[in-house]
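Here, each number is a calculation from the coordinates, and none is a lab measurement. Model, not experiment: these values are computed from the prediction. Virtual Cβ from ideal backbone geometry, glycine too; neighbours counted across all protein chains shown.
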């Protein structure tokens, strides 16, 4: 994946799935505080908090962010960073390609869809050089998106990238 470890609060089912969908597509931004608190607790429980320097949310392409009105991963990352007492670098990683939604794609299609979708903002590599990064997202299925983003961060100088997601889905789960 390009990451050292990826942790997930739970499976993409039941209440966790409903919360992720309500946050992502239903405008229920308040749910990000709850999901972020759960994710922060998981990071503490796994002992990862001692290894991290910065928190970075998975970016949305500018068009998708405009359409939705917010980036759900950034909303989740904020309480995680606060609990871990680490800075959140919200605009460091950019999604340069307006990729199609991953939910309906196969594993191979997902990997190709996001292969060159990310870049680090010009002049910002010093913010992550030699640092241990926690990359936060709402849902992970095959790991293609988090892997592509992690590889971009490592090429820009990050020492290592850890992933933290609210839910882990299976292919076809419409995440």
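Normalised by the number of residues in the chain, the mean separation of alpha-carbon contacts (under 8 Å, six or more apart) gives a relative contact order of 33 percent.
Beta bridges per DSSP, both residues in the chain: antiparallel share near 15 percent.
By the count of other C-beta atoms within 10 Å, a proxy for reagent exposure, 62, 80 are ordered fewest to most as 62, 80. Among the listed values (1) 107; (2) 98; (3) 127, the one matching volume of the Cα convex hull per residue in Å³ as calculated from this structure is (2).
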